[in-house]
1. How large is the helix-only mean residue ellipticity at 222 nm for the chain, computed as the sum of -39500 (n - 2.57) over DSSP H runs with n ≥ 4, divided by its residue count, in deg cm²/dmol to the nearest 500?
2. Semi-axes of the equivalent ellipsoid for region 75-195, please: Cα gyration tensor eigenvalues, times 5, square-rooted, ordered largest first, whole Å.
3. Please list the non-local residues whose amide H lies under 5 Å from the amide H of MET4, H modeled 1.01 Å from N, same-chain partners needing a gap of 5 or more.
4. Please give the length that would be gained between THR12 and ALA86 if that part of the chain were fully extended, namely 0.36 nm times their separation in residues minus their C-alpha to C-alpha distance (nm, one decimal).
5. Among SER99, LEU23, VAL88, whose Cα lies farthest out toward the positive end of the dipole of region 1-119, if unit charges sit on the beta carbon of Lys, Arg (+1) and Asp, Glu (-1)?
6. Could you give the dipole magnitude of the chain about its Cα centre, charging the beta-carbon of Lys and Arg +1 and that of Asp and Glu -1, in debye to the nearest 20?
7. List nothing, just return the count: lysine pairs in the chain, 8 or more apart or interchain, with Cα separation under 22 Å.
8. Tell me the GluC sites (Glu not before Pro) within region 113-196 that lie in a loop according to DSSP and have at most 16 other beta-carbon atoms within 10 Å.
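Just so it is clear, none of the values below were taken in a lab; they were calculated from the coordinates. It should be emphasised that the depicted structure is a prediction, and the values quoted were computed from it without experimental measurement. No Cβ is skipped: glycine too gets one built from the backbone with ideal geometry, and neighbour counts run over all protein chains shown.
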Amino acid sequence: MKTMIDNREAATPGCHRNLQEMLQEISEGQMSENRVVWSVKINGKNYCERFPHDAARVKAKDISLLEIGTMDGTEICRTFIENSEAIVDCLCAGAEQISAMYRLEGAENANKHYWNLLDSCQGFISMLYHSEGVLKLGGVGRKKPFQDTLEYAEELFDSMYAAQMNEDWINLADLLEFELSPLLKQCREVVTRIAA
């Protein structure tokens, strides 16, 4: 197997069963600390995970050429911040639609969409937190721009989880519409100021 990182031949990872193990070894041993895997090609074809840990299903024996593109972590965070407004708009629309589903259609259909939304929101909030640190937003003696938002998001996700576990669909619909959507809109305002 041949391995390329940023168009340069690199040491091929040791004996691994799958792509996930290979990427982990490469990330930990062959990339500088501030570089992040940005793109992956397997045998000349673009690869993208369809769900978390999907790379574990790609057998190492089926890979003859692994091409990895990396990007500077700071650049990824800047790009994320610049594009966050559109992400927030999608998340807000999703929260409001799923809230209506819980009210009008019941839990069965809404739950399918709810878990995807929750996963996306948690990923978005996590990336905000990461970006805040990488881009050194805020400063000595100043509060970080997302600090209150992140703290409140934790409490809100706990409340949403409790409503889900208690099958309190109306409460969950209210939390989506009247708590999560405004929280995301608040993130949008902060992101807009930072991106400007």
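1. Values: 6 runs with 111 residues, N = 196.
Dividing the helical sum by the residues of the chain leaves -19500 deg cm²/dmol.
2. On the way: eigenvalues 161, 40, 24 Å².
Over the Cα atoms of region 75-195, the ellipsoid semi-axes are 28, 14, 11 Å.
3. The list, which skips near neighbours in sequence, is ALA10, LEU66, GLU67, ILE68.
4. Working: separation 74, 0.36 × 74 = 26.64 nm, distance 3.84 nm.
Once the chain is fully extended between THR12 and ALA86, it gains 22.8 nm.
5. Most positive-ward Cα: LEU23.
6. Values: 20 positive and 31 negative charges, 182 e Å.
Roughly 880 debye, rounded to the nearest 20.
7. Close lysine pairs found across the chain: 11.
8. Details: sites: GLU132, GLU151, GLU154, GLU155, GLU167, GLU177, GLU179, GLU189; in loops: GLU167.
Hits after loop and neighbour filter: GLU167.
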